[in-house]
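The values are calculated or read from the model by the stated rules, or taken from the named source; none is laboratory data. Small disclaimer: the values here were computed from a predicted structure and weren't measured. Neighbour counts are summed over all protein chains in view; Cβ atoms, including those assigned to glycine, are modelled from backbone coordinates with ideal geometry. Heavy atoms of the whole protein, side chains included, go into the accessibility calculation; ligands, DNA and RNA do not. Shrake-Rupley method; radii C 1.70, N 1.55, O 1.52, S 1.80 Å.
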Amino acid sequence: MRVYKKEFERLKNARSIVRSRFPQLGVNKKQEITRLLYEISKKDAAPPLSIIPDLDSNDFNKAKRLLLKRRYPCAHLANEISRPYLPKIKLDPSAILDLKKTRFYPKRIFVERSALRSRLANRFRDAFPEAESLEIKSLKDYLRKNRTFKIAYYNKRRDTVFITEENHDFFKTCPCTKKAVRCGYHIFNLSFGCIFECTFCYLQEYANSPGLVFPANINRFFKAFPSYKRPRMRIGTGEFSDSLMLDHITEYSLEIVDFFKKHKDVFFEFKTKSTNIDNLLKIGHAGNIVIAWSLNPQVIIDGNESFTPSLKERIEAARRATEAGYKVAFHFDPVMYFKGWQKEYEKVIGLLFSAIKPKDIAWISIGTLRFNPRVKPVIEQRFPANKLLDEELLPGFDNKLRYPGRIRQKIYDAMLEMLSRHSKNLRVYLCMEDASMWDKFTSASGGCKPLPLVLGRDNIL
Ligand code: SF4
């Protein structure tokens, strides 16, 4: 709450300065100047008043230009501030997420009528005997009667689990992002929502369910798969959830690994930040299962991935997976830009290769921080002390907020160079970048082999 008070005070000061110095401005212009003052003050740890002593209050355009230059110095130099995103700023104490580490223990388990006797429903009831178990006609029906999008409710979604039957939405090609080069990934659309609370998570704005959703009928996915299958495709869970976060309860991995023994020409990927791999370690696999971890420096994990295992724990889990004969993959995603970022990522890469042999790595992706602009006010309200929004994030080629192009390129070049010090035979790809960034990346690939743009075109393992 102390953080909220500090940020609320900052916002109050910024608003009052704008009211007294720019009384003639309309609502929208006042809003823009207020946001810029607030953001600069937060980023530079300077009182809002110290930021505008020389601003000419009669010239809005000039004042805005000066503030933008200070707020986005790198983008200003590269002439990349044509469309800054400056919505009204709002802070609300009821929207702040309580970051005390708590064990996941839902209060309610809603089960669709058709899944009442399912094994999955029983496993959840057994794992959480104190949770209330309730029957619902269907999730769709429940949402029709109870739908609400308030951030405060989103913060409570870990209290609620839905056990459903999925009948339609089994697989899809990864939607990627507008105008980006696609990596050809396919989504096995199993479960929705996550118990981890990453500050940057796009689900904060995207999720419209007041709980975590787990289908009880994975067999329907398997039945539907042969007609969706493409040879040598790469498919996986973990797009709208974390693949393994509750695998000790769902036991999805046991059935998936068993099923994909019959489809050896397909790569199945579990994407996770967890270390919940005991099921995978005890089951035999056919060599086409890839377990992937998303990695970040510990300082970023501490500040942004609150309920997840540490970097060392993730790498140790990956090492154990390779001992069991699994291929592993790593997603440097989102790579965060901050003072000292390069040294921190160098440490992560060093730690990774001290435990994992390059030959066991199926692929590595790199993607810098980006999100839909609608996520920004959600992050501000849920995590008022966040540092990630202090960096320069502006609408990019796909209208998502991104670092300026020259920062992203610097990151990709440096990451490739650091990776290639450990092996020249890594398969590396960019996540959600446009063709021009890909071209620069391919020509600077430092000996690493960028993946073919459509996986499956070549033999990649
Ligand atoms: S682990 Fe992934 S899905 Fe879960 S909160 Fe973090 S970013 Fe979102």
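The condition (being at pLDDT below 95, in the same structural domain as GLU316 (by TED's automatic domain parsing) and either more than 24 Å from ARG119 (Cα to Cα) or more than 16 Å from the ligand (Cβ to nearest atom) (or both)) is satisfied by just one residue among ARG220, ARG232: ARG232.
Among residues of segment 239-294 being more than 16 Å from the ligand (Cβ to nearest atom) and among the polar types (S, T, N, Q), the one that is surrounded by the most Cβ atoms within 10 Å (Cβ to Cβ) is SER253. If you go through segment 52-79 and pick out every residue that is under 24 Å from the mean Cα position of the chain (by Cα) and open to solvent by 60 Å² or more (accessible area, probe 1.4 Å), you end up with 0.
Conditions tested, residue by residue: (1) under 20 Å from SER16 (Cα atoms); (2) hydrophobic (A, V, I, L, M, F, W, C).
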{"site": "THR34", "(1), (2)": "yes, no"}
{"site": "ILE40", "(1), (2)": "yes, yes"}
{"site": "ASP44", "(1), (2)": "yes, no"}
{"site": "LYS64", "(1), (2)": "yes, no"}
{"site": "LEU68", "(1), (2)": "yes, yes"}
{"site": "PRO84", "(1), (2)": "no, no"}
{"site": "ARG103", "(1), (2)": "no, no"}
{"site": "LEU116", "(1), (2)": "no, yes"}
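Of the residues that make up segment 279-299, is at least one within 22 Å of MET418 (Cα to Cα) and in a helix (DSSP H, G or I)? For segment 279-299, residues within 22 Å of MET418 (Cα to Cα) and in a helix (DSSP H, G or I): present. Residues in segment 317-333 include at least one that is touching a Cys at 6+ places or on another chain (Cβ under 6 Å) and charged (D, E, K, R). Only one of the numbered conditions (1) farther than 17 Å from GLY236 by Cα; (2) open to solvent by less than 30 Å² (accessible area, probe 1.4 Å) is violated by GLN298, and that is (2). For segment 301-316, a residue qualifies if it is more than 20 Å from the chain's Cα centre (by Cα) and buried (at least 18 other Cβ atoms within 10 Å of the Cβ), but none of them does. Of the residues making up segment 131-143, at least one is farther than 30 Å from PHE225 by Cβ, more than 15 Å from the ligand (Cβ to nearest atom) and touching a Pro at 6+ places or on another chain (Cβ under 7 Å). Scanning segment 56-73 for residues that are touching a Lys or Arg at 6+ places or on another chain (Cβ under 7 Å) and of a type outside the set (Gly, Ala, Ser) yields a total of 2.
Tell me which residues, restricted to segment 127-175, are among the basic types (Lys, Arg) and open to solvent by 40 Å² or more (accessible area, probe 1.4 Å). LYS137, LYS140, ARG144, LYS145, ARG147, LYS150, LYS156, LYS172, listed by residue number. Quick check: is even one residue across segment 104-126 open to solvent by 80 Å² or more (accessible area, probe 1.4 Å) and within 29 Å of the chain's Cα centre (by Cα)? Yes, segment 104-126 has at least one match. Picking from residues in segment 218-238 that are out of contact with any helix residue (DSSP H, G or I) (no Cβ under 7 Å at 6 or more places or on another chain) and open to solvent by less than 10 Å² (accessible area, probe 1.4 Å), the one that is nearest to LYS273 (Cα to Cα) is THR237. Among the residues of segment 199-213, the ones that are open to solvent by less than 20 Å² (accessible area, probe 1.4 Å) and away from the ligand (no atom under 14 Å from the Cβ) come to 1 in all. None of SER82, SER16 is part of a helix (DSSP H, G or I), surrounded by fewer than 19 Cβ atoms within 10 Å (Cβ to Cβ) and small (Gly, Ala, Ser) except SER16.
Within segment 399-434, the set of residues being surrounded by fewer than 17 Cβ atoms within 10 Å (Cβ to Cβ) and within 20 Å of VAL375 (Cβ to Cβ) comprises just one member, ASN399.
A search for C-beta distances below 9 Å between a residue of segment 90-105 that is within 24 Å of HIS248 (Cβ to Cβ) and any residue that is open to solvent by 90 Å² or more (accessible area, probe 1.4 Å) and assigned to a loop (DSSP other than H, G, I, E, B), counting only pairs 6+ apart in sequence or on different chains, returns TYR105/GLU130.
Against the definition (among the basic types (Lys, Arg), more than 16 Å from the ligand (Cβ to nearest atom) and under 24 Å from the mean Cα position of the chain (by Cα)), how does LYS172 come out, yes or no? Taking the combined requirement at face value, the residue satisfies it.
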